[in-house]
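What follows draws every value from the coordinates through simple rules; no lab data is involved. Because the structure is predicted, anything quoted here is derived from the model rather than measured. Don't worry about glycine lacking a Cβ; one is built from the backbone with ideal geometry, like all the others, and counts go over all protein chains shown.
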Amino acid sequence: MTVNMHEAKTTLSKLVDLAQKGEEIVIAKAGKAVAVLKPYRKPSAKRRPGRLKGKPLDMRRFDEGDEAIAQLFESGEG
């Protein structure tokens, strides 16, 4: 759904209710999209940068490939 800036200002509560129900609302100014109002989604998992620091990487199988993926590249599909 696309609404102009004036309509968004006057119907913000209604638009927020729609966003809560899953709809994305594009807000336009002078006919050009400038913002999107969409439902808030809580991040699925908190990232912890550096959690693998100091842990060795298992490089024994690094050069092994997946035959199915190799065939896709060779056939030009996918």
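Checking the structure you have, find out if any residue of the range 4-21 is surrounded by 10 or more Cβ atoms within 10 Å (Cβ to Cβ), touching a residue at least 12 places away in the same chain (Cβ under 8 Å) and not in a helix (DSSP H, G or I). Explain how you work it out, then say what you get.
Step one: of the range 4-21, the residues surrounded by 10 or more Cβ atoms within 10 Å (Cβ to Cβ) are 4-5, 7-12, 14-20.
Narrowing the set further to residues that are touching a residue at least 12 places away in the same chain (Cβ under 8 Å) leaves 4-5, 8, 15-16, 18-20.
Among the residues that remain, those that are also not in a helix (DSSP H, G or I) are: 4.
Yes, some residue in the range 4-21 is surrounded by 10 or more Cβ atoms within 10 Å (Cβ to Cβ), touching a residue at least 12 places away in the same chain (Cβ under 8 Å) and not in a helix (DSSP H, G or I).
Residues checked against (1) over 28 Å from the mean Cα position of the chain (by Cα); (2) not in a loop (DSSP other than H, G, I, E, B):
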site: 28; (1), (2): no, yes
site: 36; (1), (2): no, yes
site: 48; (1), (2): no, no
site: 61; (1), (2): yes, no
site: 64; (1), (2): yes, no
Item to complete: Give me a count of the residues in the range 31-78 that are more than 28 Å from residue 12 (Cβ to Cβ), surrounded by 10 or more Cβ atoms within 10 Å (Cβ to Cβ) and among the hydrophobic types (A, V, I, L, M, F, W, C).
Response: 4
